[in-house]
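The values are calculated or read from the model by the stated rules, or taken from the named source; none is laboratory data. In this text the structure is predicted, and so the values were computed from the model without any measurement. Cβ coordinates were reconstructed from backbone atoms using ideal geometry, including for glycine residues, and neighbour counts include every protein chain displayed.
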Amino acid sequence: GAVVSQHPSWVICKSGTSVKIECRSLDFQATTMFWYRQFPKQSLMLMATSNEGSKATYEQGVEKDKFLINHASLTLSTLTVTSAHPEDSSFYICSARDAGGVEQYFGPGTRLTVT
Amino acid sequence: AQSVAQPEDQVNVAEGNPLTVKCTYSVSGNPYLFWYVQYPNRGLQFLLKYITGDNLVKGSYGFEAEFNKSQTSFHLKKPSALVSDSALYFCAVRGGNYGQNFVFGPGTRLSVLP
């Protein structure tokens, strides 16, 4: 089946620094990638959708200047949390979909802790 | 607008007993329905999906779900629960129209008691 990887699986950074999370589709071309945020014991909240080669579409309330998303190739999307603050600490999950596909394939998630 | 409801925050069941985790949805067009399971600090694991065809869908780890169009439901079931089934379960729906995205339910925590 389709596999999506994320790197790193967990990261700790200091307040004010930036951190980049990578999401890769390993065995298919991901024309669309999605970034979700999950707070403890809560559901997934869609942050943004990106199509390869295009600017990401952000959900209402998500700061696009803080959460930079790049989808430069059909197998890689990155999420950069800029000037991180403790309230950005969360579990970030990406998913990917191929062209015309119905399903989304989910990565294992990245735990971000900002101290 | 698309929406998913999982009316129970928590479901407790004794090991060996049947389990049901409920899901109802609202979507325009034909629904694509999914169940995922999440263990602590892990990503989502796919359990099963309904796209079209037989209303009873069988998935991973002995789980199954039945699509009921009239009740707009897609309840997850397993005939005999295991302690290792204890986890967080998410129902998700996608409308059948091109380009629609997943909408997740709030999740149901399943505890299987030994």
- Looking at the range A:26-48, is at least one residue touching a residue at least 40 places away in the same chain (Cβ under 8 Å), touching a helix residue (DSSP H, G or I) at 6+ places or on another chain (Cβ under 7 Å) and crowded, with 19+ Cβ neighbours inside 10 Å? no
- Note on the structure: In the range A:59-100, anything closer than 25 Å to residue A:27 by Cβ, surrounded by 15 or more Cβ atoms within 10 Å (Cβ to Cβ) and within 14 Å of chain B (Cβ to nearest Cβ) is listed as A:91, A:92, A:93, A:94, A:95, A:96, A:97, A:98
- Task: Enumerate the strands (runs of 3 or more DSSP E) found wholly within the range B:50-100, keeping only those where 3 or more residues are within 15 Å of residue B:21 (Cβ to Cβ).
- Result: B:64-68, B:73-78, B:87-95
- Report yes if residue B:100 is within 24 Å of residue A:110 (Cα to Cα) and at pLDDT below 95, otherwise no. no
- For residue A:36, all conditions in the list (1) under 27 Å from residue B:109 (Cβ atoms); (2) more than 12 Å from chain B (Cβ to nearest Cβ); (3) outside any loop (DSSP other than H, G, I, E, B); (4) not acidic (Asp, Glu) hold save one; what is the number of the exception? (2)
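Residues checked against (1) in contact with a helix residue (DSSP H, G or I) (Cβ under 8 Å, 6 or more places away or on another chain); (2) surrounded by fewer than 19 Cβ atoms within 10 Å (Cβ to Cβ); (3) not β-branched (Val, Ile, Thr):
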{"position": "B:3", "(1), (2), (3)": "no, yes, yes"}
{"position": "B:8", "(1), (2), (3)": "no, yes, yes"}
{"position": "B:12", "(1), (2), (3)": "no, yes, yes"}
{"position": "B:16", "(1), (2), (3)": "no, yes, yes"}
{"position": "B:19", "(1), (2), (3)": "yes, no, yes"}
{"position": "B:34", "(1), (2), (3)": "no, no, yes"}
{"position": "B:39", "(1), (2), (3)": "no, yes, yes"}
- Task: Mind listing whichever residues of the range B:1-35 are within 21 Å of residue B:82 (Cβ to Cβ), outside any loop (DSSP other than H, G, I, E, B) and in contact with a Gly (Cβ under 9 Å, 6 or more places away or on another chain)?
- Result: B:35
